[in-house]
């Protein structure tokens, strides 16, 4: 089956080659025939967007590949991105009964990519909008949550205006996912596909709180959806954080995805990434891809507590990233503006609490990348109730303000994954539709 | 190691695995390769009178499963398209070089004694071990009054068999077509005509598929297609039934049978042998994988026989025949029920939905520890086996005989049968 970057390549990842090679028709046939077409299948339950996985795989097997793509996209309009970026090893594929049967799940992600690629290549628009309702909805944030919400609203006959702060819509699909998971311009092709439905206009370079206010949107539109993500970045809070060799991992990843120079030079450098999540892994591996001499990931807790999945940890190791645990940053060393190393304190669990041991280690390095999480950016949220640092929503994803809904990373729903944001956006669209028709 | 030698209608072979009359047995070259691979015998592809037939381009159709495994195979090829003399010369050469192998020659002709007897007399001097009369081809040749056109008329089967028997000292095997209403009529006719054995089944009349772009049957010959002969794994159950009918029919019982139809493994072969066959003939499996499959056919059959304590084919040949009975002879009091092994279960739910949607609502879902628990409701289970067949895990669902304490009771004796046989009244 498909291996890392394909059997024909070396195992070293690169920024412009698929991490997992797309299936050939033969592979798709062989893999689809492994699906047992389970009744009330566990894989469907494990998917936040509840794609009818046995249903679409059966369609691949019968040669109804575009029908398979429609089944996928009807549940998850970003099925193409999710096929590439989802941690399937902890979602659908983890639930596959073939794991019990033969310790090897049906490669659902690969089949999903195969089906959606066929549809995209054919340039088919499989959906038709319902009759116009005359209602207008503002969607703030052109990421997975916002676009999924906009697409479903447009399908339901509403007119949607999407406001995106960055130069391009797509959110983390465009700026956040690792390059080897989203090669070429897939995020923009998927965006074009979504917009080709009609009824959605996208205004880029418009930020909430800077260029537009929530109050104004509530006045101009019949409803508002907030899919603003987490634009604020956590800091380490240690001395030396302002040195020139220190950068936010998300900025490095975004620059690499845009084929732009990263905020810190990586070529030939020794890099330490602080954090244990998927962003940390993505930053670490891509630093190597971009020419870093050596990369160390330092996480304050143990392997088991890492946000990055076991699969991602393994990927980092096989790419040559050194994973170090129970180390928390205490000081970034440097002189003349440049970084020369980082001091970390050994951590331990004591009576259920993470505590410093007082012992420190110093890792010489030239670059420190911070990947210790993002937070809600405070601007523009006037009057919205927050909970746990996120926008507070009820079970219908309604915020504390009437007619205002929210989803994606800016609320606390499930995992901070594209697929969860799409699920939120879709659910919010149905709730908004019900609100508008009430 | 078990003795696999067999004799059928006086024809001996070192093992019961023969290649059927078909494309793989059209030439010396192929047959020598087959004998080198270990095949016990061949039936040479059907000879006819000169001039040879002409074949069309594109000849095979197939029924594939979702992973392209061959389930069924169909052909519209005719008999050998090489001159008779060439075939006869090669047959003689092969038999001379491989004296221990069975070399049977298939033949076909129009409905005259001169044609059939003439061909038989031409073949005899080659040293061939026997003749097989092709009464089966359901395509092409039948339109010329041959093949199944003869095989479908019992009187003609009997007549031709008699003509050939009178013309030659060679054993004569009559190959039967399944494209009839009752195979016993033609089997009995063959026996009346003096056949030394029958072989069956020939191919089943079929259209392999319709090409939905060309809107024509496959194989497609320049935009048109025709019905052809169907074979491969899918026809095995049809063949087993017809073999069993002949084996247990009082008028044909004991008539040697060479089994044909979907045989690809030693297990398939053992099933035919258990129904009384003295040899088996293979084509589709060899055409799918090449001649080397015979290695495991020999090895597997031999190992299985050793395990069962059968020293020769005769030890188990026909052993299943007495257990093939009419429905009316089945025990109405026998009860079996499904049991699901929860440890082997992988939680796919197929048994449940199959039973729930299409059968007896006898498998319920209980929530288990981390996975669903499927349980058979004994009161509803009729022992139909559907769940065991749809389960993807071997031996996860097994059938268990229930002790009812009731005697063997057939439908003719059953109290609910309005036409039941009245038990004899006790003497008053």
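The values are calculated or read from the model by the stated rules, or taken from the named source; none is laboratory data. Just so we're clear, the structure is a prediction, and the values are computed from it rather than from any experiment. In this analysis, Cβ positions are derived from the backbone assuming ideal geometry, glycine residues included, and neighbour counts consider all displayed protein chains.
Among all positions in region A:43-57, there is at least one residue which is out of contact with any helix residue (DSSP H, G or I) (no Cβ under 7 Å at 6 or more places or on another chain), within 10 Å of chain B (Cβ to nearest Cβ) and modelled with pLDDT of 95 or more. Taking the criterion of being out of contact with any strand residue (DSSP E or B) (no Cβ under 8 Å at 6 or more places or on another chain) and modelled with pLDDT under 95, the residues of region A:391-417 that qualify are A:413, A:414, A:415, A:416, A:417.
Any idea how many residues of region A:58-75 are more than 12 Å from chain B (Cβ to nearest Cβ) and outside any helix (DSSP H, G or I)?
Applying the first criterion (more than 12 Å from chain B (Cβ to nearest Cβ)) to region A:58-75 yields A:64-75.
After this cut, where a residue has to be outside any helix (DSSP H, G or I) as well, the list is A:64.
Here the count works out to 1.
Every residue, every condition in (1) over 19 Å from the mean Cα position of the chain (by Cα); (2) surrounded by fewer than 18 Cβ atoms within 10 Å (Cβ to Cβ); (3) within 25 Å of residue A:22 (Cα to Cα); (4) within 14 Å of chain B (Cβ to nearest Cβ), yes or no:
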residue	(1), (2), (3), (4)
A:77	no, no, yes, no
A:87	no, no, yes, no
A:102	yes, yes, yes, yes
A:110	no, no, yes, no
A:122	yes, yes, yes, no
A:138	yes, no, no, no
A:146	no, no, no, no
A:150	no, no, no, no
A:170	no, no, yes, no
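Comparison of B:13, B:21 shows that the only residue that is in the same structural domain as residue B:280 (by TED's automatic domain parsing) and farther than 24 Å from residue B:116 by Cβ is B:13. When B:318, B:370, B:383 are screened for being loosely packed, with under 13 Cβ neighbours inside 10 Å and part of a loop (DSSP other than H, G, I, E, B), only B:370 passes. If you filter region A:22-40 down to residues that are touching a residue at least 24 places away in the same chain (Cβ under 8 Å) and part of a loop (DSSP other than H, G, I, E, B), you find that the one that is farthest from the other protein chains (Cβ to nearest Cβ) is A:22. Of the helices (runs of 4 or more DSSP H) that lie entirely inside region A:156-261, those containing 3 or more residues that are touching a helix residue (DSSP H, G or I) at 6+ places or on another chain (Cβ under 9 Å) and not assigned by TED's automatic domain parsing to the domain that holds residue A:81 span A:172-175, A:186-195, A:249-257.
Of the residues examined, residue B:295 is not one that is outside any loop (DSSP other than H, G, I, E, B) and within 14 Å of chain A (Cβ to nearest Cβ). Within region A:305-363, the set of residues being under 21 Å from residue A:271 (Cβ atoms), surrounded by fewer than 14 Cβ atoms within 10 Å (Cβ to Cβ) and touching a residue at least 60 places away in the same chain (Cβ under 8 Å) comprises A:318, A:337, A:338.
Counting only residues that are under 29 Å from residue A:102 (Cα atoms), away from every other protein chain (no Cβ under 14 Å) and out of contact with any helix residue (DSSP H, G or I) (no Cβ under 9 Å at 6 or more places or on another chain), how many does region B:320-341 have? Residues in region B:320-341 being under 29 Å from residue A:102 (Cα atoms), away from every other protein chain (no Cβ under 14 Å) and out of contact with any helix residue (DSSP H, G or I) (no Cβ under 9 Å at 6 or more places or on another chain): 2 in total. The number of residues in region A:46-86 being more than 22 Å from residue A:36 (Cβ to Cβ) and free of Cβ contacts under 8 Å to residues at least 12 places away in the same chain comes to 0. Does residue A:343 meet the test of being over 29 Å from residue A:91 (Cα atoms), in a strand (DSSP E or B) and assigned by TED's automatic domain parsing to the domain that holds residue A:276? Answer is yes for this residue.
Residues are listed down the side, and each one gets a yes or a no for (1) over 22 Å from residue A:186 (Cα atoms); (2) under 20 Å from the mean Cα position of the chain (by Cα):
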site: A:14; (1), (2): no, yes
site: A:24; (1), (2): no, no
site: A:28; (1), (2): no, no
site: A:40; (1), (2): yes, no
site: A:67; (1), (2): no, no
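Among the residues making up region B:342-366, those that are in a loop (DSSP other than H, G, I, E, B) and within 13 Å of chain A (Cβ to nearest Cβ) are B:342, B:343, B:344, B:345, B:346, B:347, B:348, B:349. Within the option set A:223, A:207, being in contact with a strand residue (DSSP E or B) (Cβ under 7 Å, 6 or more places away or on another chain) and crowded, with 17+ Cβ neighbours inside 10 Å holds for one residue only, A:223.
I need the full set of residues from region A:291-328 which are farther than 20 Å from residue A:262 by Cβ and in a loop (DSSP other than H, G, I, E, B), in order please.
Of the residues in region A:291-328, the ones farther than 20 Å from residue A:262 by Cβ are A:299-315, A:317-318, A:322-328.
Matches in region A:291-328: A:299, A:300, A:301, A:302, A:306, A:307, A:308, A:309, A:325, A:326.
Within region A:153-160, can one find any residue that is more than 30 Å from residue A:292 (Cβ to Cβ), within 21 Å of the chain's Cα centre (by Cα) and without any contact (Cβ under 8 Å) to a residue 60 or more places away in the chain? Looking for residues that are more than 30 Å from residue A:292 (Cβ to Cβ), within 21 Å of the chain's Cα centre (by Cα) and without any contact (Cβ under 8 Å) to a residue 60 or more places away in the chain, one finds none in region A:153-160, hence no.
Being surrounded by fewer than 20 Cβ atoms within 10 Å (Cβ to Cβ) and either under 17 Å from residue B:371 (Cα atoms) or within 14 Å of chain B (Cβ to nearest Cβ) (or both) is the filter here, so list the residues in region A:89-100 that pass it.
Result: A:90, A:94, A:99, A:100.
Evaluated against (1) within 21 Å of the chain's Cα centre (by Cα); (2) under 30 Å from residue A:207 (Cα atoms), residue A:289 falls short on exactly one condition, (2).
Of the residues B:327, B:304, the single one that is surrounded by 15 or more Cβ atoms within 10 Å (Cβ to Cβ) and more than 23 Å from residue B:31 (Cβ to Cβ) is B:304.
Which members of region B:90-123 meet the condition of being closer than 18 Å to residue B:172 by Cα and not in a helix (DSSP H, G or I)? Correct list: B:101, B:102, B:103, B:104, B:105, B:106, B:107, B:108, B:109, B:110, B:111, B:112. Against the conditions (1) out of contact with any helix residue (DSSP H, G or I) (no Cβ under 8 Å at 6 or more places or on another chain); (2) modelled with pLDDT of 95 or more; (3) under 23 Å from residue A:82 (Cβ atoms), residue A:432 satisfies every one except (1). Scanning region B:367-387 for residues that are within 14 Å of chain A (Cβ to nearest Cβ) and over 33 Å from the mean Cα position of the chain (by Cα) gives B:367, B:368, B:369, B:370, B:371, B:372, B:373, B:374. Annotation note: of B:45, B:36, the sole residue that is in the same structural domain as residue B:175 (by TED's automatic domain parsing) and under 20 Å from residue B:302 (Cα atoms) is B:36. Considering (1) over 19 Å from the mean Cα position of the chain (by Cα); (2) surrounded by fewer than 19 Cβ atoms within 10 Å (Cβ to Cβ), the lone condition that residue A:397 does not fulfil carries the number (2).
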